[in-house]
Amino acid sequence: MRSIVQISLDLTNIDEALETAHLAMRAGVDWLEAGTPLILAEGLHGVRALREAFPETPIVADLKTMDGGYLEAEMMAKAGATHVVVMARAHEETIRCVVKAGADFGCKVMGDNMVCEDMVAGAKWLEDLGCDFVIHHIGYDERRGIAARGMRMPSPLDQLREVVGAVKIPVQAVGGLSLEQAIECPKYGAPLVVLGAPLTIDADAFKTADGDLEASLKLICDAVHAQTVG
Ligand SMILES: O=C([C@H](O)CO)[C@H](O)[C@H](O)COP(=O)(O)O
């Protein structure tokens, strides 16, 4: 499979999200993600605005569903999301409901193994329940908390090979990756590369020497697209 670049729009208003999304699409990004902050701030309107501006582009709604799964997935799919996210720590029935809604409304389901005691088993569990993708995710607060206590920050790369080996569906690694690490994900067998904080929070670190964000994002997209998995 050709590797894919997804940009997570962890922003809090539609204008900023659209501006970043336009830049990302010009640079060659494949998928847009309505990040959790955008969904909280703008809800379905945010997803609709992205769908209207980018009629053909896959849109991941990072809902992090924990309950009421069918309705959440249905609403997001009707607003234009092509992918919704359910948590492995949700009840089994919730995951089944999201998978059922995905089938009913033509939407793919990404299962997120964040905070699973056994993240490899969590990924397998998500696959067994019918999810189409696994998000192998070390959460933002967990990473910050551990770092604040002076301990080594966990990375999704630590167990990425094991997660990839445990499932047949495509895996995405998320949480605190540097750009260099994100670009390397296909080498671990994970073809869905997400670019998050480096672009939307720490843009300076992401820019090329001449400060051209779009040009540097294009280089990153080219480096990811040059890699195939499987
Ligand atoms: O999903 C996310 C997190 O749970 C906060 O909502 C973020 O999108 C994700 O953690 C992004 O990580 P970075 O790649 O470190 O930006």
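The values are calculated or read from the model by the stated rules, or taken from the named source; none is laboratory data. All values reported here derive from a predicted model rather than from experimental measurement. Quick reminder, even Gly has a Cβ in these numbers, built from the backbone with ideal geometry, and neighbours come from all protein chains shown.
From (1) surrounded by fewer than 18 Cβ atoms within 10 Å (Cβ to Cβ); (2) closer than 26 Å to G130 by Cβ; (3) of a type outside the set (A, V, I, L, M), pick out the condition that doesn't hold for E19.
So E19 meets the others, but not (2).
In the range 54-74, which residues are touching a Leu at 6+ places or on another chain (Cβ under 6 Å) and in a helix (DSSP H, G or I)? Write out each step before concluding.
Step one: list which residues in the range 54-74 are touching a Leu at 6+ places or on another chain (Cβ under 6 Å), which gives 57, 59, 72.
Selection gives E72 alone.
Go through the range 102-155 residue by residue and tally those that are among the small types (G, A, S), more than 14 Å from the ligand (Cβ to nearest atom) and over 16 Å from E92 (Cα atoms). Don't jump to the end; show me each part of the working.
Restricting attention to the range 102-155, the residues satisfying the condition of being among the small types (G, A, S) are 102-103, 106, 111, 121-123, 130, 139, 145, 147-148, 150, 155.
Narrowing the set further to residues that are more than 14 Å from the ligand (Cβ to nearest atom) leaves 102-103, 106, 121-123, 130, 148, 150.
Now drop any that are not over 16 Å from E92 (Cα atoms), which leaves 103, 106, 148, 150.
The qualifying residues number 4.
Out of the range 127-160, which residues are in contact with a Cys (Cβ under 9 Å, 6 or more places away or on another chain) and over 23 Å from L195 (Cα atoms)?
Once the filter is applied, which keeps residues that are in contact with a Cys (Cβ under 9 Å, 6 or more places away or on another chain) and over 23 Å from L195 (Cα atoms), the range 127-160 yields nothing.
Considering only the range 99-124, state which residues are surrounded by fewer than 21 Cβ atoms within 10 Å (Cβ to Cβ) and over 15 Å from the mean Cα position of the chain (by Cα).
Passing the criteria: K100, A103, D104, F105, G106, V115, C116, E117, D118, V120, A121, K124.
Looking at (1) within 25 Å of T65 (Cβ to Cβ); (2) outside any strand (DSSP E or B), can you tell me which one H136 breaks?
(2)
Given (1) small (G, A, S); (2) surrounded by fewer than 16 Cβ atoms within 10 Å (Cβ to Cβ); (3) at pLDDT 95 or above, where does A166 come up short, assuming only one miss?
Failed condition: (2).
Within the group G35, G80, which residue is over 23 Å from G176 (Cβ atoms), modelled with pLDDT of 95 or more, touching a Leu at 6+ places or on another chain (Cβ under 9 Å) and buried (at least 18 other Cβ atoms within 10 Å of the Cβ)? Let's see the steps before the verdict.
Values: G35 fails: over 23 Å from G176 (Cβ atoms).
Answer to the selection: G80.
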